[in-house]
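Where a number appears in this text, it was derived from the coordinates with a stated rule and is not lab data. Predicted model, so just to flag it, every value in this text is computed and none were measured. Methodologically, a virtual Cβ is constructed for each residue, glycine included, from the backbone with ideal geometry; neighbour enumeration extends over all protein chains shown.
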Ligand SMILES: [Zn+2]
């Protein structure tokens, strides 16, 4: 990974549940501290050893990132005894990131540019690390309708700008779910943006149904097997070959190819029924 995030740790001993590991992480939930000029370290200290019935994984201020709960463990940041407005995101499958906030003369909370920038760096890094897509970076508000983070709930444009920062800035690698059309098949694959190049996972090509990803133990070389094969078919005692796939043990063949193999059969894909005629 290109970016080197400096993460300081001051882990809480009480405000978390043991988690199952980082494989649990599907969402990143953004919060604000609702304080005025607090620091990331100060927050971790507040949650350190007294039971607060709350916590988050990370706190970000203008200068530093401090971690309060390990990524593999479950922080108490978006749970509710009330109604959930998000169908999937819960404490158990998310990371909580708190941005330290300021208040203006009218008591309205805001984030400084520096805090937003550092938080964006952290979230980009976490997205890449745990393969969290941009649509799975959400606000506390999106989970429970709490006015959190207020600067991103009351100003939807500011939230949009923050999300834009997650996909456009930085020199770290980014992973985002993208629709591809591969050999005529529409599939969603992870698109990895790194050093201004696009990458995909080799294994994702299997989703097209056209390839199988192989691995040669001897040579330690990955490989691709093109599944579209010549399937021999005996027609009137004569063996012909038709392009086809073996899907879950069943052969499927290209219709046009099949008609050609039958000889002087024509196929018509015009509107209405597919017509096969001699
Ligand atoms: Zn919150």
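Taking 45 Å as R0, compute the FRET efficiency from the Cβ-Cβ separation of residue 7 and residue 228 and round it to 0.05. FRET efficiency, residue 7 to residue 228: 0.45.
Once each part is reduced to its C-alpha centroid, what is the distance from segment 178-230 to segment 239-253 in angstrom? Between the Cα centres of segment 178-230 and segment 239-253 lies a distance of 21 Å. The calculated Kirkwood hydrodynamic radius for the chain is 22.4 Å, given to one decimal from all distinct C-alpha pairs. With the simple spin-label model, which puts each label point 7 Å out from Cα in the Cβ direction, the residue 181 to residue 14 separation comes to 5.9 nm. Take every Cα pair under 8 Å whose residues are at least 6 apart in sequence, average their separation, divide by the length of the chain, and the relative contact order is 14 percent. Helix 156-168 and the longest principal axis of the Cα set of the chain meet at an angle near 60°.
Taking a ≥ b ≥ c as the square roots of the Cα gyration tensor eigenvalues, segment 1-105 comes out rounded, since a/c falls below 1.5. When DSSP beta bridges are restricted to pairs lying wholly in segment 8-171, around 35% turn out antiparallel.
Extension gain for residue 34-residue 268 works out to 77.6 nm (0.36 nm per residue, less the C-alpha to C-alpha distance).
A compact globular protein would have a Cα radius of gyration near 2.2 N^0.38 Å; the ratio found for segment 222-278 is 1.33.
Please check which bits of segment 251-278 a label hung off residue 235 would reach, taking the label as a point 7 Å along Cα-to-C-beta and the cut-off as backbone N under 16 Å. What the label zone holds, given the 16 Å backbone N cut-off, is 252-268, 275-278. The DSSP beta bridges internal to the chain are antiparallel in roughly 75% of cases. Apply the a/c threshold of 1.5 to the C-alpha gyration tensor of segment 17-175 and tell me whether it is rounded, prolate or oblate. Because its axes are fairly even, with a/c under 1.5, segment 17-175 counts as rounded.
Length gained on full extension, residue 201 to residue 45: 52.1 nm, using 0.36 nm per residue less the C-alpha separation. Anyone know which of 205, 118, 99 comes out most mobile in the 10 Å Cα GNM of the chain? Top of the fluctuation ranking is 205.
Going by neighbour counts of Cβ atoms within 10 Å, the residues 240, 218 line up, fewest first, as 218, 240.
Angle of helix 113-130 to the longest C-alpha principal axis of the chain, folded into 0 to 90 degrees and rounded to 10: 40°.
If you take the Cα centroid of segment 101-169 and the Cα centroid of segment 1-60, the two points sit 15 Å apart.
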